Amino acid sequence: MTGTELLAGASPSVQALAVIGVVLLEAIALYVGYGAVEEAVGPAVLDRLAKAR
Amino acid sequence: MIGSIAATELLGLGPEIFGLFVAFGFMVGVFFGFFGMGGSFLVTPALLILGYPAPVAIGSSMAFVFGTAAIATMKHHDAGQVDYKLGALMFVGISVGIELGSRLVFGLEVLGIANVVVGVAYVLLLAAIGVLFTRSALDTDDDDGDDSEGDADEVPAIARKIQSYEIPPMTTLADGSRASLWTISGVGGGVGLVSGFLGVGGGFVRMPAIYYVIGTSLAAAVGTSLFGGLMSGAVGAFTYGRAGVIDLGIVTALLVGSALGARIGSSATAYVDEDDVTIYFGLMLLVASAAVGIGELSSWLSMPVLDRLSFVLLIGSALLVCAMILYHGALAVRRTRGVPGSPRRGE
């Protein structure tokens, strides 16, 4: 899947900007999402690791 | 209009290959989070070995660099370690360099030798960086007991020497030091050329160049280098995106894995002594260099078995180093958290 499928018929520059926009949105969503997961389960995982034998 | 996606595929990739890229992205993310670089220069060769054309491999790698650098910059922004003015000034040189690098790739593609030339350049680059890391790790072993690490706020002597040549126009950096716009543009152009030609973020060149040539503190060099990676990734993704060669399925799968891996790798730095795993990283780069070389031989000799060997070597060595980081991390967590009051690394 490329920018050409993302915005069919748009100019190459607009398609390229759409690809960059999609990647940026994915990056922000992953940063926020994994941040929330880390906050929620991080301490528990470290405690389990520390106690594991 | 958003294009339709086949039900059995994830963004144009089969579930197995999507999963493979997520796992590979996780490994790359662990390296990036732990070492602060090394995020992208494994991606392009892996895509080349998997049979993707050079422009697709490089373009997708550049888009991945942009996404990874965006995530890393958000983290360093929170710590106040990004000199946005310096990063913005480097932007012009980076843009010109990437444009030249990508034109070179497309020119070589027309001649039908892009994959060979990019592959050979990778063999040499990975080997050179691998030797540097391995030697550095061995030297550190020899110097055991000497913990004299450089001051993070100190500007190296060579940078102070370069700053002493005041070639106008001069500009003031965020930390109050001054640098010539010619130096900044030259560093940006050189890094951009490497990025555009090889499809790498160039952090392993950019960070030392900002630190040793432009002359900032180490912390600012790392943060600003990541911001530079964001920009070079954006410019590269735009350049290759205009040609319609970026595979969003590959980029998304790699990002899903790398964003998680980078968090874990970055957390591991608080527990693991970098010297314990640096030698594995150096050796992995040497194996990766051999893997890309074997992949090129496979094309020349038309021996698919060499292609498989090349892929196994590349993934296997990356998997080994990733496992070493996680293993040493788990051991260190048990050691430091198991004993109340034990100091963590860097504290």
**Asked** If you scan segment A:33-53, which residues turn out to be within 10 Å of chain B (Cβ to nearest Cβ), open to solvent by 70 Å² or more (accessible area, probe 1.4 Å) and aliphatic (A, V, I, L, M)?
**Response** A:Val37, A:Val45
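What about B:Ser317, is it under 29 Å from B:Leu50 (Cβ atoms), surrounded by 21 or more Cβ atoms within 10 Å (Cβ to Cβ) and modelled with pLDDT under 85? Working first, answer last.
Details: under 29 Å from B:Leu50 (Cβ atoms): yes; surrounded by 21 or more Cβ atoms within 10 Å (Cβ to Cβ): yes; modelled with pLDDT under 85: yes.
Spelling it out, B:Ser317 is indeed under 29 Å from B:Leu50 (Cβ atoms), surrounded by 21 or more Cβ atoms within 10 Å (Cβ to Cβ) and modelled with pLDDT under 85.
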**Residue among B:Val131, B:Val123 that alone is within 22 Å of B:Val43 (Cα to Cα) and open to solvent by less than 60 Å² (accessible area, probe 1.4 Å)** = B:Val123
**Asked** Residue check, B:Met90 against (1) surrounded by fewer than 20 Cβ atoms within 10 Å (Cβ to Cβ); (2) out of contact with any Phe, Trp or Tyr (no Cβ under 6 Å at 6 or more places or on another chain), all met but one. Which one?
**Response** (1)
**Item:** Flag if B:Tyr84 is open to solvent by 10 Å² or more (accessible area, probe 1.4 Å), within 28 Å of B:Val30 (Cα to Cα) and not basic (Lys, Arg)
**Value:** yes
**Message:** Looking at segment B:66-78, I want the residues that are farther than 12 Å from B:Ala262 by Cα and have a partner that is open to solvent by less than 10 Å² (accessible area, probe 1.4 Å) and of a type outside the set (A, V, I, L, M) with Cβ atoms under 6 Å, at least 6 apart or on another chain. Which pairs are those?
**Reply:** B:Phe66/B:Gly233; B:His76/B:Gly223
**Request:** Scan segment B:294-305 for residues that are assigned to a helix (DSSP H, G or I) and surrounded by fewer than 19 Cβ atoms within 10 Å (Cβ to Cβ) and jot them down.
**Result:** B:Leu297, B:Ser299, B:Trp300, B:Leu301, B:Pro304, B:Val305
**Prompt:** On the given criteria, is B:Gly199 open to solvent by less than 30 Å² (accessible area, probe 1.4 Å), closer than 21 Å to B:Thr68 by Cβ and either away from every other protein chain (no Cβ under 14 Å) or at pLDDT 90 or above (or both)?
**Reply:** yes
**Request:** For B:Ala57, indicate whether it is modelled with pLDDT of 85 or more, surrounded by fewer than 24 Cβ atoms within 10 Å (Cβ to Cβ) and under 20 Å from the mean Cα position of the chain (by Cα).
**Result:** no
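The values are calculated or read from the model by the stated rules, or taken from the named source; none is laboratory data. These numbers were taken from a predicted model, which means no experiment stands behind them. Counting neighbours? That spans all protein chains shown, and the Cβs are built from the backbone with ideal geometry, glycine included. These area figures cover heavy atoms from the full protein model, side chains too; ligands, DNA and RNA do not enter into them. Shrake-Rupley method; radii C 1.70, N 1.55, O 1.52, S 1.80 Å.
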